[in-house]
1. Place a point 7 Å from the Cα of Thr31 along the Cα-to-Cβ direction; which residues of region 115-134 have their backbone N under 20 Å from it?
2. Please list, ordered by chain and number, the residues whose modelled amide H lies under 5 Å from the amide H of Thr80; skip anything fewer than 5 residues away on the same chain.
3. For n ≥ 4 DSSP H runs only, could you compute -39500 (n - 2.57) per run for the chain, divide by its residues and tell me the 222 nm figure to the nearest 500?
4. In whole Hz, what ³J(HN,Hα) sequence does region 70-84 give by Karplus (6.51, -1.76, 1.60; θ = phi - 60°), x for Gly and Pro?
5. Report in % the part of the accessible area of region 1-130 that belongs to carbon and sulfur, leaving out ligands and nucleic acids; probe 1.4 Å.
6. Which number comes out as Rg/Rh for region 119-191 once both Rg and the Kirkwood Rh are worked out on C-alpha atoms?
7. Residues in region 86-116, backbone N under 16 Å from the label point at Thr62 (7 Å along the Cα-to-beta-carbon vector): list them, ranges by number please.
8. Given (1) 21.6; (2) 16.1; (3) 27.8, which label gives mean projected area of the Cα convex hull in nm² as computed from the coordinates?
Amino acid sequence: MKPEQEQALKAHLQAIAQILYADSDPDTMQTLEGIEMTVRQKIQAHVSPELGKFFIRAITATTAARSRTLKSTLGALEMTAKQAEKLKVLPHRQITPHLENCCLRLSATVSYEQAEQDLAYLTGIRVPAKTQQRIVHRQTFDLPYMEQPIEELSVDGGKVRVRTPLGEECEWKDYKAIATGQGMLANFQNNAQLIDWVNGQSLAQPMVCLGDGHDGIWNIISQIATTEQRLEILDWYHLVENLHKVGGSIKRLTQAEGLLWQGQVEAAIALFSHCQRKQAKNFCEYLRKHQHRIVNYEYYQAEGVYSIGSGAVESAIKQIGRRVQLSGAQWNRENIPQVLAHRCAYLNGLIGSLLSIN
């Protein structure tokens, strides 16, 4: 801005400030926060809508067609149908895209009721909880796009509480999630979407796939890429956890852990060959089942070649759970996929743009 423009702007702002101050209640401005909120309210009521109207008219170069009023972070914003079309505002919307994104970012982290309160405090604009819920469920959320080939992914499952008919106890159901170094995706009872998303990306050769010992995890992984392209690794920390469930001799458990750390599965199994306890027999079956996924963890860890744990997806599950497992939260079964898509889009940084914010 040129110096003469800055000077003219300051003069106009001083005049505006005097008018707005004269129209304000001094009792609401006894603290700095009170002044901030009063100024914001006055600007949204009298100043920024006029600025917005001017900018819209200048950018679209039209004032034709019938006008409508949209709720925005600038206040009540007038816009004609032609202007809305040029600015890619969808028909029949009563909330501007930026305000929608504010709603989506907030309701991706807290309940719709809390998002209503937070939005009002942060922006000065109130959007009811029910409206925020409708905004979420009419969205088509973008899926993450991998700019680089996927070198490593991990798969795991989380829990979500499903609403049941009145009088019946609610149910906890599983959902699955995939995490990569560049994004995550989760879905409820639709593994095909997760598989198709990964297979639609560029995949490295080899591509490391990590998971714990659950069949559902490896059923998903088995449909990703090709057998030759995948390097499947059983999560080391789950392996050790299952080992110590065997119990018994501490010395034997320590020896077994050392052997498994080096990928010596047969030697580890031999340690339990004479053990008749059910836990030991189950663990040996577990080792045989996943033998081809039990690698030389010591070498991989020392050389930093590949990860040995599925911590990325476990972290993703925890982050997703912070929304879907809010205290008392229950979800209609048909809404769960959208709720998961919403939370993942937020965590992947796909809601709104911060490019213009300094």
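1. Residues 117-125 fall inside that zone.
2. Arg68
3. Rounded to the nearest 500, it is -14500 deg cm²/dmol.
4. Ordered by residue, 3J(HN,Hα) equals 10, 7, 9, 5, 8, x, 6, 10, 7, 7, 8, 4, 5, 5, 4 Hz.
5. Numbers: 5110 of 8660 Å².
Carbon-and-sulfur percentage of accessible area, whole number: 59.
6. On the way: Rg = 17.4 Å, Rh = 15.9 Å.
Reported Rg/Rh (Cα atoms, Kirkwood Rh): 1.10.
7. 86-92
8. (3)
The values are calculated or read from the model by the stated rules, or taken from the named source; none is laboratory data. Fair warning: this is a prediction, and the values are worked out from it, not measured in the lab. Glycine gets a Cβ as well: all are built from the backbone with ideal geometry, and neighbour counts include every protein chain shown. In case anyone asks, the SASA skips ligands and DNA or RNA and just uses the protein heavy atoms, side chains included. Shrake-Rupley method; radii C 1.70, N 1.55, O 1.52, S 1.80 Å.
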